[in-house]
Amino acid sequence: MPSPNYALTFACYNSVQYTKLCIDSMIRHGTPLNRLVVVDNGSTDETREYLQTLPLGGRIFNQANLGCGVAWNQGALALQADWTIVMNNDVLVSAHWIENLLHTAETLGLKVISPALIEGALDYDFEQFSLDASKRMNQAHRIGARHAVCLAVHKSVWLDVGYFQPVPKLLGYEDTLFFHELSKAKIPMGMTGASWLHHYGSITQTAMKQERGLSQKQGLGYRYNYRLLDQSWLERKLAKLERNRQNKTWSKAEVAQYGQSIHGLRKNGSFEWI
């Protein structure tokens, strides 16, 4: 296969230990750091000093936390390519994750694609798990699914629907709005079992809630962000029910065929397939 033309970007805000784990996993699996643009949203820990030591494709230091939408746009525009992989910094990557992800997208004609995901505690051998799972489930796909932990976006999408909304007070709602626009424009999307990540789980949002004195059950963003979807309560409710129904259908079929699904939670030393 020809090498895909891609760039990567993630935003970070403090929690430097997770950024280090992410970068270490990239180095371990040969992900080229000169294709990675890191946007720091005003960290006050050792994040910036650490980023200065890396041979990155770009680093952007914002003076304040401008939110995910601004940071993702900055990263995507700083290093433009056929594919831009927008991801969290609280993840571990696996062997051949980019090649498998983009090859699947191009084979299936998808313009946005997300890898399979295990979320939660790293109390299992992710290296061996991801090798086995990517081989066993490389033909397992959820057409229409996607998630914001990691998504590869084809350059045509930026032209068709635009970038992420650059509004800091959205505080995590940027992905919902972006996916809403993709659905309205009927952009082909999917999630694949050919590529795997481990996601520790909302590390940055957890830290920001603590800073603001919020409980983990409270929402971080403006409570009326949903109004930007321009949908009635009933429309939103029915859409959520349909997403949940479809996820259950996918998961049940995958477990029946492969003994697992392409989205799992790690709880109390075992996997919960969702």
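The values are calculated or read from the model by the stated rules, or taken from the named source; none is laboratory data. Bear in mind the structure is a predicted one, so any value in this text is a computation, not a measurement. Note: ideal-geometry Cβ built from the backbone for every residue, glycine included; neighbour counts use all protein chains shown. Just so you know, the surface numbers come from the protein's heavy atoms only, side chains and all, with ligands and any DNA or RNA stripped out. Shrake-Rupley method; radii C 1.70, N 1.55, O 1.52, S 1.80 Å.
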Global size of the chain as Cα Rg and Dmax, reported in angstrom = 17.9, 51
ask   = Can you list the aspartates and glutamates whose alpha carbon is less than 15 Å from that of Lys267, not counting same-chain residues fewer than 8 positions off?
value = Glu119, Asp123, Asp125
Accessible area of region 25-78 divided out per residue, in Å², using a probe of 1.4 angstrom = 44
ask   = How many nm separate the modelled label positions at Asp132 and Ser156, each set 7 Å beyond the Cα in the direction of the Cβ?
value = 3.8
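With the contact rule set at Cα under 8 Å and sequence spacing of 6 or more, what percent relative contact order holds for region 47-203? Could you put the intermediate results ahead of the total?
Working: 246 pairs, mean separation 65.2, N = 157.
Value for region 47-203: 42 percent.
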ask   = Counting alpha carbon pairs within less than 8 Å and at least 6 residues apart, what relative contact order, in whole percent, applies to the chain?
value = 22
note = A chain fully extended from Lys252 to Phe271 at 0.36 nm per residue, minus the present Cα-Cα distance, gains in nm 5.4 nm
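Report the extension gain between Gln231 and Asp24 in nm, rounded to one decimal, defined as 0.36 nm multiplied by the number of residues separating them, less their alpha carbon distance. All intermediate terms of the calculation are to be shown ahead of the outcome.
Values: separation 207, 0.36 × 207 = 74.52 nm, distance 4.22 nm.
The Gln231-Asp24 span can extend by a further 70.3 nm.
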